[in-house]
Amino acid sequence: MSKKLVMPLVGGLTAVVSLALVLLGNPANMGFCIACFLRDTAGALGLHRAAPVQYVRPEIIGIIFGAFILSIAKKEFSPKGGSAPMTRFILGFALMVGALIFLGCPLRMVLRIAGGDLNAVVGLFGFAAGIFCGVFFLNNGYTLKRTYDVSKTDGLLFPIIALILLGIFVIAPSILIFSAEGPGGMRAPLEAALTAGLIMGALGFVSRLCFVAGIRDSVLFKNFSMLNAFIAIIVVGFIGNLIFGKFNLGFSGQPIAHTDGLWNFLGMALSGLCAVLLGGCPFRQLVLAGSGNSDSVITVLGMTAGAAFAHNFSMASSAAGVTANGKTGFAIFFIIVIFIAVYNTFGRKVSENI
């Protein structure tokens, strides 16, 4: 198949799978959202107390195993790690704070646009601004240093943990906390959600789909292939939403969204900046974690902790808008992320010359 057709096909399939999950019970415009699903899973494990958003999302487990199985099948399972783990944890944490201010990861942002949510268009401009900021640091030498080969056992631990979680979900669900209502109470059947995750994990591994790479690579390398996946998701999602009566053009009345334009912009700007500094969006980090990258595992754990923290300290937004704690949290983590970017771009050079 022509390389020019691969990314549009992957984007189209992503839209189809996402729409199918919504039709089967997932919240509207949330067929897939890595931020929301990690938040729900954190809640199911008792890491936060927000009752409406507690549920182990099988899609997350499916993505991990889809990437894991395909990496094994293609003999590309090569565990690596050791590149600034604490920094990656903090960046993942901050990325999640930004995503929950906006109410969605970059993947959900695109799906929201396909559903007619104009708040997500504002978020897209913020996301692009954050990426441009990150590209500035990349162009000036930003690096978290190299990764190293690690043991096969180290690479297998994350898929094993995901398998154990799935086993608890199936055999002893009473151990977990599941929402009776709210977004956490809206879910596709286990089999469908797990299958969808497996498909997306496999597609993500083969295509290297990343929702930050489309804009980043077009700026850095004049490579626009990844943008074709974005366009395909929006076009196919738009058509599907029209067919099934799910399309709602406008700012108000959008599912699990708020209309504060400034904070939609800023939330996604923080997420975009963090994603560039990490080398990939939340979806890409999850795929890499499943295929043996311990640095991405640390990032995913940071995102999960960030989701729990955001809800425990009322930093996450709701349909009512952004909270005061959310605004404070944004300011704190934006400063921390800029410090990380500046130090790993310019600070190392200064310290090496002293």
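The values are calculated or read from the model by the stated rules, or taken from the named source; none is laboratory data. This is a predicted model, so every value here is computed, not measured. Here Cβ is always computed from backbone atoms with ideal geometry, including for glycine, and neighbour counts include all displayed protein chains.
Confirm whether residue 70 is surrounded by fewer than 24 Cβ atoms within 10 Å (Cβ to Cβ) and assigned to a helix (DSSP H, G or I). Break it down stepwise before answering.
Numbers: surrounded by fewer than 24 Cβ atoms within 10 Å (Cβ to Cβ): yes; assigned to a helix (DSSP H, G or I): yes.
Criteria met by residue 70.
Pick out the one residue from 127, 65 that is part of a helix (DSSP H, G or I), more than 24 Å from residue 334 (Cβ to Cβ) and touching a residue at least 60 places away in the same chain (Cβ under 8 Å).
On the way: 127 fails: more than 24 Å from residue 334 (Cβ to Cβ).
Exactly one of 127, 65 is part of a helix (DSSP H, G or I), more than 24 Å from residue 334 (Cβ to Cβ) and touching a residue at least 60 places away in the same chain (Cβ under 8 Å), namely 65.
Restricting to region 149-175, count the residues that are more than 23 Å from the chain's Cα centre (by Cα), within 18 Å of residue 54 (Cβ to Cβ) and either assigned to a helix (DSSP H, G or I) or touching a residue at least 40 places away in the same chain (Cβ under 8 Å) (or both).
Number satisfying all stated conditions: 5.
Checking residue 146 against (1) modelled with pLDDT of 95 or more; (2) exposed (fewer than 14 other Cβ atoms within 10 Å of the Cβ); (3) outside any helix (DSSP H, G or I), which test does it fail?
Of the numbered conditions (1) modelled with pLDDT of 95 or more; (2) exposed (fewer than 14 other Cβ atoms within 10 Å of the Cβ); (3) outside any helix (DSSP H, G or I), the odd one out for residue 146 is (1).
Could you list, in sequence order, all residues of region 92-122 that are assigned to a loop (DSSP other than H, G, I, E, B) and either surrounded by fewer than 24 Cβ atoms within 10 Å (Cβ to Cβ) or without any contact (Cβ under 8 Å) to a residue 24 or more places away in the chain (or both)? Walk me through it before giving the result.
Residues of region 92-122 assigned to a loop (DSSP other than H, G, I, E, B): 103-105, 115-116.
The one that is assigned to a loop (DSSP other than H, G, I, E, B) and either surrounded by fewer than 24 Cβ atoms within 10 Å (Cβ to Cβ) or without any contact (Cβ under 8 Å) to a residue 24 or more places away in the chain (or both): 116.
Return yes or no: is residue 5 surrounded by fewer than 18 Cβ atoms within 10 Å (Cβ to Cβ) and part of a helix (DSSP H, G or I)? Steps first, please.
Numbers: surrounded by fewer than 18 Cβ atoms within 10 Å (Cβ to Cβ): yes; part of a helix (DSSP H, G or I): yes.
Spelling it out, residue 5 is indeed surrounded by fewer than 18 Cβ atoms within 10 Å (Cβ to Cβ) and part of a helix (DSSP H, G or I).
If residue 75 satisfies every condition in (1) over 23 Å from residue 316 (Cβ atoms); (2) among the basic types (Lys, Arg); (3) touching a residue at least 60 places away in the same chain (Cβ under 8 Å) but one, which is the exception?
(3)
If you check residue 233 against the conditions, is it buried (at least 19 other Cβ atoms within 10 Å of the Cβ), at pLDDT 95 or above and in a helix (DSSP H, G or I)? So that I can check it myself, show each step before the final result.
Working: buried (at least 19 other Cβ atoms within 10 Å of the Cβ): yes; at pLDDT 95 or above: yes; in a helix (DSSP H, G or I): yes.
Spelling it out, residue 233 is indeed buried (at least 19 other Cβ atoms within 10 Å of the Cβ), at pLDDT 95 or above and in a helix (DSSP H, G or I).
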